[in-house]
Amino acid sequence: MQQAESTAKNRPGIALQRRDLLKLTAGLAAMRRIGLGAAAGPAPELFTSESGVLNAVLEPGFIEREIGGQTYLLVAYNGSIPGPTLEARPRDTVRLTLRNKLDHPTNLHFHGLHVPPDGRADNVFLELDAGGCAQYEFKIPENHPAGLFWYHPHAHSFSDLQIRSGLAGLIRIRGGIDDIGDVPQAVTYDVVLQDLEYFVWNPPHTPGHLHVHHPAPEEPHPNRLMVNGRLPVLDEKGFVAETVKVAQGGLLRLRIANASANRICRLAVVSPDTAVGHRIWVIATDGNPLPGPQTVSELLLVPGQRVEILTQTVRGQGKFSLMELPYYTASFLQPKAASPLVTFEYEGSVPRPLQIPQRLGEVSELLSWNLPVRRVEFSLLTTPDGVIFRINGKEFDPNRVDLQVKLGSVEDWDLVNNTFMDHTFHLHTNSFQLVDSAGKSELALRDSIILPRFQSARVRIRFADFPGKTLFHCHEVFHEDRGMMQVIEVVP
């Protein structure tokens, strides 16, 4: 999550304005014309740790799903989109069985978790062939932040297709903010956003080969966001027909994960009928609590990012929505009009008004003297065979170590985007602090940030606790699969 204001001066339409909401009417009419419908499917399972152990089985496989009267062949964990939610606490042991029911390789990445990058933990260099079975096991560190994380495949050259066909699931580490102030009494709602823009069409389906279907604009799913595995169905007033109930005087806590492969999501909480925005307090970024709540008017989530927000439900009547607002990426607008994702409806009241907590977590600024500085440059190379996405002039090679760092060291990295499109920097295993982005810094921990086109940012990283080989890359997964990724080795 990153505030949209940091890039407003370089992009038309970034500031939340009434015209964004006025465009909604035309957009809703178009959606009704093409007959968008809910993508019905089973609710995700919940696997919770018991007696300090989380046991779960994950089975990625093909499923048929009817969307807007058309049948698509998607990919899901355990038959649901999103996949099962994994819930544990610090000090718990996680034991997972992965059974590959696909006809191509896959594996698991535990996005944002600070756990070992090798062995049977967050080892993305392992690949499980079709029909295979693998065991994952690791311990959540005692000092691990409590927050929202997620898992997804990371098999090189297959990640993009698998994620945008449906493979993703939440990880919730309990504790921390869950128990602070009035937060336990808040209405808590998880929002998983997925850009299932490429569908695997059925028929035909040839074993060993995925037939990728690119929906045409007139088809029932023209690049629309899935919300918790469903397409929002809208009523005649522009609200999502199925609402979430909130009480007057209460708190609404949204835990939002952008589990999209490539979509950057610009979000706000507004009342579409009045174009009035709700005040938002950010309380955690990428699973890490902030020292105190930060007020914003809108959010910008790049692929892979998570954010937790609070808003006070004080209006007392009517409805309001979490909405996606237009955002310019490269040379096109996505979406073309403001679009409701989740609608909330007032019902009843709480005995006393609930308050936003003012103290959340402890975040220490990383030491800043005599630090080595590395330059990490994102670039493109156009060839007769297409575009190659590169970091520091090199295309990804899993057998090459690109950077070597010392365990326990702290480094500054200058991230430079020399391309005409936005990128998302993501680092495995360790979080980082944003030291300088367009003159702004923050006392927060992240594992992913936006790199706007032709701009740069400096991040500060502590390589803590775990030696071994891991990765950093662009988390717009189309770019990652086409070379924008490198291997980093943390040595004792």
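The values are calculated or read from the model by the stated rules, or taken from the named source; none is laboratory data. Please read these numbers as outputs of a predicted model, since none were measured by experiment. Neighbour counts are summed over all protein chains in view; Cβ atoms, including those assigned to glycine, are modelled from backbone coordinates with ideal geometry.
Odds and ends about this structure:
- A residue that is at pLDDT 95 or above, over 25 Å from residue 302 (Cα atoms) and among the charged types (D, E, K, R) occurs nowhere in the stretch 185-205.
- Residue match in the stretch 370-381 (condition: touching a Gly at 6+ places or on another chain (Cβ under 9 Å), in contact (Cβ under 8 Å) with a residue 40 or more places away in the chain and farther than 20 Å from residue 420 by Cα): no
- Scope the stretch 417-449; condition within 22 Å of the chain's Cα centre (by Cα), surrounded by fewer than 17 Cβ atoms within 10 Å (Cβ to Cβ) and over 22 Å from residue 265 (Cα atoms); matching residues: 443
- Flag set for residue 464, criterion: in contact (Cβ under 8 Å) with a residue 12 or more places away in the chain and out of contact with any strand residue (DSSP E or B) (no Cβ under 8 Å at 6 or more places or on another chain).
- Hey, residue 393 surrounded by fewer than 13 Cβ atoms within 10 Å (Cβ to Cβ), under 30 Å from residue 271 (Cβ atoms) and of a type outside the set (A, V, I, L, M) or not: no
- For beta carbons closer than 6 Å, sequence separation of 6+ or different chains, a first residue in the stretch 101-123 that is under 23 Å from residue 463 (Cβ atoms) and assigned by TED's automatic domain parsing to the domain that holds residue 86 and a second that is in a strand (DSSP E or B) and among the β-branched types (Val, Ile, Thr), the qualifying pairs are 117/470.
- Of all residues in the stretch 292-323, those satisfying the criterion of being farther than 27 Å from residue 168 by Cα and not in a strand (DSSP E or B) are 297, 314, 315, 316, 317, 318.
- Selection count, the stretch 124-150, where residues are closer than 26 Å to residue 180 by Cα and aromatic (Phe, Trp, Tyr): 2
- Among (1) at pLDDT 90 or above; (2) surrounded by fewer than 20 Cβ atoms within 10 Å (Cβ to Cβ); (3) more than 30 Å from residue 292 (Cβ to Cβ); (4) in contact with a strand residue (DSSP E or B) (Cβ under 6 Å, 6 or more places away or on another chain) - the single one residue 157 does not satisfy: (4)
- Flag for residue 86 being touching a Pro at 6+ places or on another chain (Cβ under 8 Å), within 14 Å of residue 152 (Cα to Cα) and not in a loop (DSSP other than H, G, I, E, B): no
- Just one of (1) under 24 Å from residue 303 (Cβ atoms); (2) at pLDDT 95 or above; (3) in a strand (DSSP E or B) fails for residue 95. It is (1).
- Long-range neighbours under 9 Å by Cβ, at least six apart or interchain, first residue at pLDDT below 85 within the stretch 433-451, second in a strand (DSSP E or B) and basic (Lys, Arg): 437/458; 441/458
- Entirely in the stretch 451-492, the strands (runs of 3 or more DSSP E) that have 2 or more residues that are surrounded by fewer than 19 Cβ atoms within 10 Å (Cβ to Cβ) and on the phi < 0 side of the Ramachandran plot: 456-462, 485-491
- All of (1) in a strand (DSSP E or B); (2) farther than 20 Å from residue 261 by Cβ; (3) modelled with pLDDT of 95 or more hold for residue 426 with one exception: (2).
- Filter result for the condition that a residue is crowded, with 20+ Cβ neighbours inside 10 Å, modelled with pLDDT under 90 and out of contact with any Lys or Arg (no Cβ under 9 Å at 6 or more places or on another chain), over 225, 210: 210
- Qualifying residues in the stretch 313-371 (those that are charged (D, E, K, R) and surrounded by fewer than 19 Cβ atoms within 10 Å (Cβ to Cβ)) - the one farthest from residue 441 (Cα to Cα): 347
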